[in-house]
Amino acid sequence: MMKKWISLVLCLFVALVSFAQLPELTVEQNLEDYDFAVKYIEDNYSGFLDKVVDSNRANYESMKSCLRAQVQQGERPGWDAVGE
């Protein structure tokens, strides 16, 4: 009977821990996430050079700096900005 109670308590503990929220990221951590993801996409996405050409590069750079500013001001998380 004692083994059943211990098993039940352990199962409840594991269930509660698995649903626990992670701590909020700091602005610096969000900026690191954003910068890493943007650099990764620019370096590794095979269609990047076909999609961002001279005619729309200024718009891309403007959007990128605007989104980075929003992350830096704490208005949105880094990965959310990358999704934009």
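Classify region 27-84 as rounded, prolate or oblate from the Cα gyration tensor: take a ≥ b ≥ c as the square roots of its eigenvalues, call it rounded if a/c is under 1.5, otherwise prolate when a/b beats b/c and oblate if not.
Values: a/c = 2.94, a/b = 1.63, b/c = 1.81.
Oblate shape, in that a/c is at least 1.5 and b/c is the bigger or equal ratio.
Summary of the geometry: region 34-51 and region 66-84, compared by the centres of their Cα atoms, lie 16 Å apart.
Here each label is just a point 7 Å from Cα along the line to Cβ, and for residue 27 and residue 59 those points are 3.0 nm apart. Only aspartates and glutamates eight or more places from residue 51 in sequence, or on another chain, were considered; those with a Cα closer than 16 Å are 42, 43, 61, 84.
Values quoted throughout were computed directly from the atomic coordinates according to the rules given, and no laboratory measurement underlies them. Bear in mind the structure is a predicted one, so any value in this text is a computation, not a measurement. Backbone-built Cβ (ideal geometry, glycine too); neighbour counts: all protein chains shown.
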